[in-house]
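> Starting off with a structure, shown below.
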Amino acid sequence: MKYHGGHFICAVWKLDIRLWQLLIMASLLLAGVWFRDFSLYPAQIAFTFAAGLITQAIFLRLFKLEQHGFLSATITCFGLCLLLRSSALWVHPAVASLVMASKFLIRPQGAHLFNPANLGVVLGLSFFPETWVTSGQWGQDLTTALWLIAAGFFIARNAKRLDITAYFLLFYASLFLVIRVAWYGYTLPVFFHQFQNGALLLFAFFMISDPMTIPRHHKARILHAAVVAVLAYIWQYQLYWNQGIIWGLFWATFLVPLWNHLFPAPRYQWQALSGEHT
Amino acid sequence: MTTRLIFLLLALSISQTSQAFCGFYVAKADASLYNQASQVVMTRKDDKTVLSLMNDYQGELKDFALVVPVPQVLTEGQIHIGDAKLFKHIDDFSAPRLVEYHDEDPCQPPVMYEKMMSAPMPTAAMPQKAKSDKSLGVTVEAEYTVGEYDIVILSAKESDGLEKWLQASGYKIPKGASAALKPYIKQNLKFFVAKVNLKEQNKTGLKFLRPLQFAFESPKFMLPIRLGMINAKGPQDLLVYILTEKGRVESSNYQTLKLPSNMDIPVYIKDNFADFYKALFETQVKKQNLRAVFTEYFWNMGWCDPCASEPLSYEELKQLGVFWLNQNSNAPQVMSGGGVPVQVTRLHVRYTPDSFPEDLSFQETRDTENFQGRYVLRHAWQGKPEQCEAAKTYFEQLAKRHEQEAKTLAELTGWELSDIKKKMNLNDAPDQESTDQWWKKIW
């Protein structure tokens, strides 16, 4: 593609997609803290980034990978701040360090297995005191929902992984519509209420779409999306436990190496908006 | 270097001990403020739940009827008649509160105050006959008379059948009931249906109906509010007091917000705190388009600061279903730090059928940070600016503080700033903003 708009546009176009994701997540966090009563302390945010980035730096040096940067690590730190709540100051940095370490230490098939933010939430909920997730924190505000969709669409499309977002939402919505609306007789407003939740949209567009931790082959991604949707539905609506989507993705992750083995495809590489590798 | 950093982080933790407020508790905004407020106490640990429902039913006793979906057929031992006084007590204990302080004499050196010590549904006509009718798919699973209530536990196969059965049995079921009942039937819930046994009611000698309580086990931590909306006209108020062992409870399917709290407001509010709180709540509800759940209180049951009422006793907590307290002690067991293993969350919801399309679901978080709706009055020192140099500064700051209090009050309640200032007698006071404007100094 050629652009005549000058060097600036050209430069922006060549920026890593993750920079865009980072900007969007940063503005979501700011909006959440200011307008949405996120019960997050500034110190928690600062410590998360400090601990997460320092751990990343140590492992980059240990494994002699200095050519790799901090973009993904920064995104993970934003993800943890957006999702995890704690009344202790040390939980966020501890979780951030652990998940960064996991990226370097748990690598079947030569790539990290767990989505770092997803693993962080699971670790936080399972092993840390005074830690929880507030799934209702975004409210059901339609404008927030639309904004998230628009922003998420942008990221996912450019990361060429919109397929998994679309399939996950399709499977999850179908399960809800068939079982709860058609069979149980819940009204459609209940469906819309559930699907306007910012947490669900954030999950679909920013968490499950992470190209590094999902199957590499298109067909395998459809299977993966279906598994996550079914597990999440059972967890949330049959067992009545909370944070079904987070746990659904966590358990489905164990199947990813199998999918990659059955459906071989080249590993994903981060790209700029222009489509060039960064 | 990293090790040191991690240890440093571990040493830091957000202080949860509340500061001792030297403010004196003067008023509270309790449930009596709201018309048609339903009050529910939920006590829950693991899957075990005790639900207590307060009836503020005003009509003819013979017309009273209550339909509540329950997860299983309840035995007679699982149903109990509660004490209305317990609702009054837990309401008083957790209500938003007004506290007052008196400014110190600025001409005297500051004195350390002693810490203020603080003690650790739908109505219908009376059903004539409760008949089982197999053709309607309705089964009477159990029948009891408990206290002044005649209770039947029903199971149903079809919502239409249940609606017809209830109508045939004399319940005036509003239109749309069938659709609202369907999801509960499909999920195999049973229906707890209660009416008043007038003979038994006479024996109690009471003019009101006592609260109904039932104990059951269910993985669902929820409150069925949709049935109560079928014949609702305007927005309804619901106060839920939730007693749990570990942490704050919030809704898992609606946004839960803490109300603005710990703010300085003008002292004239002392005489109309109820109006103030009503306006504040309404303003917040409107801001969220009636789509949020509000936390009014979260505290350990062992203490309070300042106390709007004494904490509930072991006996009272037990009556409300707190089954995990040690039965040997008469007072609640004191944990380290002065608390007891019982936390109370007070949630206040104002909803319409459109704004709350599904039942309220909850989750117990592991948050233990105390919160209360607390509003502060600060009485000015009654001295003269000429008394000392510090007094002059004091009065300058006082003027600014009064301005701020007026603005806060206007923001919280939506009342006119000019009216507030009039009531505070701030009109003759120089307008701080206008004297600050730089051009005032040149001409």
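Bear in mind these aren't lab numbers, they're just calculated from the coordinates by the rules spelled out. Since this is a predicted model, take the numbers as computed values, not measurements. As a convention, Cβ positions derive from the backbone with ideal geometry for all residues, glycine included, and neighbour counts pool all protein chains shown.
> In whole Hz and in residue order, list the ³J(HN,Hα) couplings for the range A:243-248 that follow from phi through the Karplus curve 6.51 cos²θ - 1.76 cosθ + 1.60, θ = phi - 60°; x for Gly and Pro.
With the stated coefficients, the range A:243-248 comes to 6, x, 5, 4, 5, x Hz.
> Then there's this: Most fluctuating residue of A:T213, A:T165, A:T187 in a GNM of chain A with Cα springs under 10 Å: which is it?
Of A:T213, A:T165, A:T187, the most mobile in the Gaussian network model is A:T187.
> Let me ask another. Considering Cα pairs under 8 angstrom that are at least six residues apart, work out the relative contact order of the range B:282-411 and quote it in whole percent.
This gives 30 percent for the range B:282-411.
> Could you run the Karplus curve 6.51 cos²θ - 1.76 cosθ + 1.60 with θ = phi - 60° over the range A:106-119 and give me ³J(HN,Hα) per residue in whole Hz, x for Gly and Pro?
9, 9, x, 6, x, 9, 5, 8, 8, 5, x, 5, 5, 4
> Taking only DSSP H segments of four or more residues, each worth -39500 (n - 2.57), what value at 222 nm results for chain A once the sum is divided by all its residues, to the nearest 500 deg cm²/dmol?
It lands at -18500 deg cm²/dmol.
> Moving to a separate point now. Would you mind telling me which residue in A:Y41, A:Y167, A:Y186 has the biggest mean-square fluctuation in a Gaussian network model of chain A, where springs connect alpha carbons within a distance under 10 angstrom?
A:Y186
> For B:K407, B:K440, B:K421, what ranking results if the residue with the fewest other Cβ atoms within 10 Å of its Cβ goes first?
In increasing order of surrounding Cβ atoms, one gets B:K440, B:K407, B:K421.
> Which far-off residues, 5 or more places away or on another chain, put their amide H under 5 Å from the one on B:H102, with H placed in the peptide plane?
Correct list: B:H379.
> Of B:D103, B:D367, how do they rank once you tally other Cβ atoms within 10 Å and put the fewest first?
Fewest-to-most ranking of B:D103, B:D367: B:D103, B:D367.
> Right, here's the next one. How charged is the neighbourhood of B:I151? Take every other residue with its Cβ under 13 Å from the Cβ of B:I151, and add Lys/Arg as +1 and Asp/Glu as -1.
Net of charged neighbours comes to -4.
> Now for a different question. Quick one: 3J(HN,Hα) in Hz for the range B:398-413, Karplus 6.51/-1.76/1.60 with θ = phi - 60°, rounded, Gly and Pro as x.
Values per residue, Gly and Pro as x: 4, 4, 5, 5, 4, 4, 5, 4, 4, 5, 4, 4, 5, 5, 5, 10 Hz.
> Just add up the charged neighbours of A:P129: K/R +1, D/E -1, any other residue whose Cβ is under 12 Å from the Cβ of A:P129.
Cβ neighbours under 12 Å give a net charge of 0.
> Check B:V146: other-chain or 5+ apart residues with amide H under 5 Å from its amide H, H built from backbone geometry?
The answer is B:I151.
> Can you sort B:K186, B:K207, B:K85 by how many other beta carbons sit within 10 Å, fewest first?
Ordered by Cβ neighbours within 10 Å, fewest first: B:K207, B:K85, B:K186.
> Of the options A:Y237, A:W247, A:S39, report the single residue whose Cα projects farthest towards the positive end of the charge dipole of chain A (beta-carbon charges: Lys, Arg +1; Asp, Glu -1).
Final value for the positive-end residue is A:W247.
> Now for a different question. 5 Å is the cut-off here: which amide hydrogens, built 1.01 Å from N in the peptide plane, fall below it relative to B:F221, excluding neighbours closer than 5 in sequence?
Here B:F362 satisfy the definition.
> Right, here's the next one. Given a cut-off of under 8 Å on Cα pairs at least six residues apart, what relative contact order in percent is computed for chain A?
After rounding, I find 21 percent.
> Pick from A:L113, A:L239, A:L19: which residue has the top mean-square fluctuation in a GNM of chain A where Cα pairs under 10 Å get a spring?
A:L239
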